[in-house]
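Below is one structure, written out as structure tokens; comments come after it.
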Amino acid sequence: MILIVAALATWQIVEIWHHSKLFANPRSVVEMWDNWLGELLVCPFCLSQWVALFCVICLGTEEYWLAGPLVSMVIYAFAVARLANLGNDYFKQHTLTPKIGSEYEYDPETDGDSIG
């Protein structure tokens, strides 16, 4: 179970770092770094190795250190968020609420809706 949670949390953390507007400014600064740390933080593959290691260590040793349960809860929250995103992406076509007073049709090509 720890591996599944760690994998989902790793995926979510790396996605947030690489694709969210929240980290756009720090990412642009890091991209200018010409050293190993800059390359590690710019490459999703490279970064995921270390985030995964951190998640597994934190989840596996939470009872041995004071902040362990809090850090584990954060990691579980990232894993739950990734599962929710996956569910939303997979079931989006079937779970959208129709707009009142109009015919509603899901358009997968635009990844949105269109009024028919």
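Here, each number is a calculation from the coordinates, and none is a lab measurement. Keep in mind that what you see is a predicted model, and the values were worked out from it rather than measured. Cβ placement follows ideal geometry from the backbone for every residue including glycine, while neighbour counts extend to all protein chains displayed.
Within a Cβ distance under 13 Å of Trp17, other residues only, what is the Lys/Arg minus Asp/Glu net charge?
On the way: positive: Lys21, Arg27; negative: Glu15, Glu31.
So the surrounding residues net to 0.
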In a Debye calculation with equal point scatterers on the alpha-carbon sites of region 25-88 and no solvent, what is log10 I(q)/I(0) at q = 0.12, 0.20 Å⁻¹? -0.44, -0.91
